[in-house]
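Heads up, the thing below is written out as C-alpha cells.
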Amino acid sequence: MKTTKTILIILIFYLGFLNNALGQVLTEEKNKSPQELYDFHISKKKANKTAAWITLGGGVAMIVGGLAINLSGDWTADTTNEGLWLSYLGGATTLVSIPLFISGGKHKKRAKIQLQNGAVGFDNKINYSGISIAFLF
C-alpha cells in the first residue's frame with residue numbers, strides 16, 4: 001500500500017513538471033509591411049533559382065560523365081555498365097531541379113503582388129478603390 005502511494009505521488013509530480021517542460025510559447029506574428037514581404041519573396045526566389053540551376057547543371061554533368069565512362073570502356077560485357085549508375089543519379093538530380101524552378105516562380109508571383117501593394121488572403125481588411133485610364137495606340 002505504501003509503494004502505491006509513493007508511485008502515485010511521483011507520477012502526479014512527474015506529470016506536473018512534464019506539462020511545463022514540453023509546453024511551447026506561442027508568439028504572435030507581427031504584420032510585415034509590403035516591402036518586407038517583397039524582400040522576403042525576392043530573396044526566396046533567388047535562392048530557389050540558384051539551387052535549381054546548380055542541381056540542373058550538376059545533373060547534366062553527371063549524365064554526361066556517366067555516358068563518357070560507358071563510351072570509354074573496352075566494350076566487353078562486364079564493363080559497359082560502369083557509368084550507368086552515374087547517369088541514373090544525374091537524371092534523378094536533374095528531375096529534382098524542377099520543383100525548385102516551380103517554387104522560384106511562385107515566389108516571383110508573390111513578390112509581384114506585394115510590390116503592387118496587394119493583399120493575399122481571406123481576412124485582410126484592406127479596401128482598394130481607384131480609377132484607371134488606358135490609352136491604346
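How many nm is it between the label spots at F135 and Y14, if each spot is 7 Å from the Cα in line with the beta carbon?
My value for the distance between the label points is 8.1 nm.
Which Cα, out of T93, M62, L37, lies furthest along the positive dipole direction of the range 31-115 (beta carbon charges, K/R +1, D/E -1)?
L37
If the chain between L84 and N31 were fully stretched, how many nm would it gain, using 0.36 nm times the residue separation less the Cα-Cα distance? Let's see the in-between values first.
Details: separation 53, 0.36 × 53 = 19.08 nm, distance 5.18 nm.
In short, 13.9 nm is gained.
May I ask you to list the lysines whose Cα is less than 17 Å away from that of K30, ignoring any residue fewer than eight positions away on the same chain?
K125
Go through 52-63, 92-103 and give me the packing order, highest mean Cβ count within 10 Å leading.
52-63, 92-103
Mean projection of the alpha-carbon convex hull of the range 31-115 over all orientations, in nm²?
On the way: hull surface 23.0 nm².
Its average projected convex-hull area is 5.7 nm².
Contour minus end-to-end for A92 and S72, with contour as 0.36 nm per residue of separation and end-to-end as the Cα-Cα distance? Please list the in-between numbers first.
Values: separation 20, 0.36 × 20 = 7.20 nm, distance 2.29 nm.
Full extension from A92 to S72 adds 4.9 nm.
A short reminder: the numbers here are calculations on the coordinates, not readings from a lab. Source: prediction; values computed, not measured. Positions of Cβ are backbone-derived with ideal geometry, glycine not excepted, and every protein chain shown enters the neighbour counts.
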